[in-house]
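In what follows, a structure is listed as structure tokens, so that the remarks can point back to it.
The values are calculated or read from the model by the stated rules, or taken from the named source; none is laboratory data. What you see is a predicted model, and the numbers here were worked out from it, not measured in a lab. Cβ: placed from backbone, ideal geometry, glycine included. Neighbour counts: every protein chain shown. Protein only, heavy atoms only, side chains kept; ligands, DNA and RNA dropped before computing areas. Shrake-Rupley method; radii C 1.70, N 1.55, O 1.52, S 1.80 Å.
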Amino acid sequence: MTSSDPRALSRSLLDLCRMRKLTIATAESCTGGLVAGALTEIPGSSDVVDRGFITYSNDAKRIMLGVKASTLETFGAVSKETAIAMAVGALETADVDLAVSITGIAGPGGATPGKPVGLVHFAVAARDGRIVSREKRFGAVGRSVVRKLSVIEALRLLTELARGPVSRVKRPRAAAHRSRPRAARKPRQSAGTRRRTSRP
């Protein structure tokens, strides 16, 4: 998909998810809920979007998504490892089919050695075991631009995985909300490439 219009991307993603009977959760740091906002701006999005986690602080990432303190200490909040942990945590906590995460440095401050303003890490995890992670360096183009470009990238990544295989047997939508996620094999991590797992 080549569109750079968040509304068009959101509408197309929602239509695709309805057709494939997929549900979505978001886990956002630097975008502060903009991806969930873009999706829920579209009427009827409630049959696809389950929930969004705004995990701006490290404590929020740990408490709400189960990101390990050791991951944050070793790799930092803005890292591939944290992005993957956020996506997997959202997938398991919300018990959805797809989850996207975003963590980055929107600016104008916050840069550290090796992590400049405009660096954003993304991850999307699918219930069938696939994970895609991606790093973008948008540059010091302004806070609002970095955030907007991050929303577009997240929607594209969700669309990419939504088009892939779905081995999960769907249950009624009402049964999706349980106090504890069901036991399921967690997705395997991969560095920016798709990995499929087979079920017996």
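Could you tell me which of the residues 101, 45, 133 is polar (S, T, N, Q), within 28 Å of residue 165 (Cβ to Cβ), without any contact (Cβ under 8 Å) to a residue 60 or more places away in the chain and in contact with a strand residue (DSSP E or B) (Cβ under 7 Å, 6 or more places away or on another chain)? Give the derivation first.
Values: 101 fails: without any contact (Cβ under 8 Å) to a residue 60 or more places away in the chain; 45 fails: in contact with a strand residue (DSSP E or B) (Cβ under 7 Å, 6 or more places away or on another chain).
Exactly one of 101, 45, 133 is polar (S, T, N, Q), within 28 Å of residue 165 (Cβ to Cβ), without any contact (Cβ under 8 Å) to a residue 60 or more places away in the chain and in contact with a strand residue (DSSP E or B) (Cβ under 7 Å, 6 or more places away or on another chain), namely 133.
Return the total of residues in segment 123-146 being within 14 Å of the chain's Cα centre (by Cα) and either among the hydroxyl-bearing types (Ser, Thr, Tyr) or not in a loop (DSSP other than H, G, I, E, B) (or both).
So the answer is 9.
Do we have residue 110 as over 16 Å from the mean Cα position of the chain (by Cα) and not aromatic (Phe, Trp, Tyr) here? Reasoning before the result, please.
Numbers: over 16 Å from the mean Cα position of the chain (by Cα): yes; not aromatic (Phe, Trp, Tyr): yes.
It is true that residue 110 is over 16 Å from the mean Cα position of the chain (by Cα) and not aromatic (Phe, Trp, Tyr).
Please work out if residue 28 is charged (D, E, K, R), open to solvent by less than 20 Å² (accessible area, probe 1.4 Å), closer than 18 Å to residue 153 by Cα and touching a Ser or Thr at 6+ places or on another chain (Cβ under 8 Å). It would help to see each step written out before you state the result.
Numbers: charged (D, E, K, R): yes; open to solvent by less than 20 Å² (accessible area, probe 1.4 Å): yes; closer than 18 Å to residue 153 by Cα: yes; touching a Ser or Thr at 6+ places or on another chain (Cβ under 8 Å): yes.
Yes.
Output the number of residues of segment 14-25 satisfying the condition of being crowded, with 16+ Cβ neighbours inside 10 Å, among the aliphatic types (A, V, I, L, M) and out of contact with any Gly (no Cβ under 8 Å at 6 or more places or on another chain).
Number satisfying all stated conditions: 3.
Can you say whether residue 123 is open to solvent by 10 Å² or more (accessible area, probe 1.4 Å), among the hydrophobic types (A, V, I, L, M, F, W, C) and touching a residue at least 24 places away in the same chain (Cβ under 8 Å), as far as the supplied structure shows?
Details: open to solvent by 10 Å² or more (accessible area, probe 1.4 Å): no; among the hydrophobic types (A, V, I, L, M, F, W, C): yes; touching a residue at least 24 places away in the same chain (Cβ under 8 Å): yes.
No: the conditions fail for residue 123.
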